[in-house]
Every structure is written in structure tokens, then in C-alpha cells.
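Presented below is the structure to which this report refers.
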Amino acid sequence: MEEKKFCHVSVLLSECITELNIHSDGIYVDGTLGGAGHSSKIASALSKDGLLIGIDQDGDAIEAARARLASFSDRVLIVRDNFCNLREILQREGIEKVDGILLDLGVSSYQFDTPGRGFSYREDAPLDMRMDGRETRTAREIVNGYSEQELFRIIRDYGEDRFAKNIAKHIVRMREKKPIETTFELNEAVRAAIPAKVRAQGGHPSKRTFQAIRIELNRELEVLEKSLDQMIGLLNEGGRLCIITFHSLEDRLVKTSFRRAENPCICPPDFPVCVCGKKSKGIVRTKKPILPSEEELARNPRAKSAKLRVFERGDAGI
């Protein structure tokens, strides 16, 4: 695969590089390597004494990143894995702590724009949605195998769709006639479940359902929740964890985790002094998230929902 086939515009690029506060001889992790847009900037700021570890579970991303980062091969290690396994990855390399970690969550432009991947409701394709092609289960298994109650739960919780109950009912009704095989067939079920007046108000009716199924299939929120505290613990003093989210569910998890790491005390509010013994792990550098500039939004409308939050490891908990 040629590098140009993997096209993804890096969101909040300059803001991420600034917030990572890169030291030329430091060790940094890009846990969502993608097309290596962020990583190429990080690598260019490193000397031969520095190291960038790029992680992605998508085989196409790995191939594209290798090509893009070839000139930095003396300071870059590329690993095909899930970022939730960062501790094990570092242990294999004999590394205890790192100086910065970046996560750019969600689906890349390449994944959305490649019809065969099945991420987009705008292209007719097999129901796939796997971020890691080595996995055997696809979105087809969820759409055709989950009970009506299970479908309702994920569309309500992960899609935050007020018509979740009706959508689940229509999916089950359609698949009773024959299995739902493609993205457009799933679109038909969703469309039938949403009132025409609501559909006419704008926005694609399937957007939330596709998001819900993708999150469930790839365990996106579970993986993120499992990783946050671990990643903070893997930072050197002064090291920073930078996370870009694209929907409220991810952002809520990050915001809550960062606040808990900054102030983990569980003592009742009326206690005069802390007796629980829980120590702060650092500070939240972004009391409000960093958002894309108007200039960036004009160049890349897909950045509209992006939010960057940053946590800096401090010496209080070390």
C-alpha cells in the first residue's frame, strides 16, 4: 500500500505538539499512530537520543506510518497493538516511564472514506467496522446476533439516540426476514424507525447507530477507561498525557479520570484534614478543553467536535 492511500488530517496538531512539551532526548508514545501526522512532528523534534513509540491496531495505518516515518527510523519504534497494552509494550523494551503520551481517539478519515471497512453510513459496504482486521467478529455479528434489548442498550448508551428502542425493534424485524449484511440495509432499518419530521431536520439518521455499533465492536470506551490511570502512572515527573476526543462519552471519561488523578481524596467534605491517604498524581492543565481554531475548522470540518485535554504528572504522587 502506498502512503498516499492512507489519508488522515491530523487534528489540533500544533496544540498537541505544544502541550507535549517535547524534550529532544525524551521518550514519547503516540498510541493512535494512524497516518503518522502527529508522530512525524514528534519525531522531527527528537534527537537520536530520543525515542518515539508509535502504536496502532490497524494494519493499513502501520504500513503507511512506516513509510512516512522511514527517515526517522533511528528514533522510532512502530508496534501493531492496542494502546491499552502500553505497559506490556514498554516492559518488552525495558522502559519504565515515558515523557509524554498522545491519543487521538475515534475513527480516522481513511477508515471512514474506505468503503470496504464498513464504517460509513454513506457508502454501501459489508457490515465490518473492525479497527483491527485480525479480529474475527464484525459489526454484522452484532447487528444480527444481539437481542433487541442488547441493541437498545448500546444504541441508547453509546449512540445517545432517543429513538434507540424503536431502532432496535426495526433491526430485529428486518433481520427476521433475512440477515442484515450491508451498511445500506442497516440504514433502511434505522430510517424506518425514525419519524419523517425528525429525519427532515438534518443530519444523517444512522450516525448515532453506527457510532454505537462501532464503539461496542471495538470496545472503545472499555479500552479507554482501562488505559487512563495506567497511562498516567507510566509518565515521568513533568510528563504529559494529551487526549483528543470526538464525542461526549469519551470526553466525559477523560475529564473524570483527570480530575480524579488530580484530586483523588475520598474523605467526606466536612473533614478538616485528609485521612484517606490518597495523593494527587499531578495537575489537569486544561480546566477547559482546547478546541480547534476557526482556521482549522475551515480547512478540516471533521475537526468540529474535537476536544484536547491534558494531564501533567507531578511529584506529589511519586
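Some observations on this one:
- Cα convex hull volume per residue for the range 11-108 (Å³): 88 Å³
- Mean Cα-pair separation over length for the range 168-270, i.e. relative contact order, pairs under 8 Å, 6 or more apart, %: 17 percent
- For the peptides 208-216, 258-266, the ranking by packing is 208-216, 258-266, with the highest mean count of neighbouring Cβ atoms within 10 Å listed first.
- Of the cross-linked pairs Lys255/Lys304; Lys207/Lys307; Lys207/Lys304; Lys169/Lys307, those separated by over 22 Å at the C-alpha level are Lys169/Lys307.
- Normalised by 2.2 N^0.38 Å, where N counts its residues, the alpha-carbon radius of gyration of the range 93-158 equals 1.50.
- For the chain, the relative contact order works out to 17 percent when only alpha carbon pairs closer than 8 Å and six or more residues apart are counted.
- Based on Cα contacts under 8 Å between residues 6+ apart, the range 222-318 shows a relative contact order of 39 percent.
- One quarter of the convex hull surface built on the alpha carbon atoms of the range 179-284 amounts to 11.1 nm², the projected area averaged over directions.
- A cut-off under 15 angstrom between Cβ atoms defines the neighbours of Asp49, and their net charge, with Lys, Arg +1 and Asp, Glu -1, is -1.
- Ellipsoid equivalent to the chain - semi-axes via the Cα gyration tensor, in Å: 35, 25, 18
- Each other residue within a Cβ distance under 12 Å of Arg285 adds +1 if Lys or Arg and -1 if Asp or Glu, for a net charge of +1.
- The range 160-191 versus the range 43-64: alpha-carbon centroid distance in Å: 40 Å
Read-outs: derived from the displayed coordinates by stated rules, not from any lab. These numbers come from a predicted model, not from an experiment. Because the Cβ atoms are built from the backbone with ideal geometry, glycine has one as well, and the counts that use them run over all protein chains shown.
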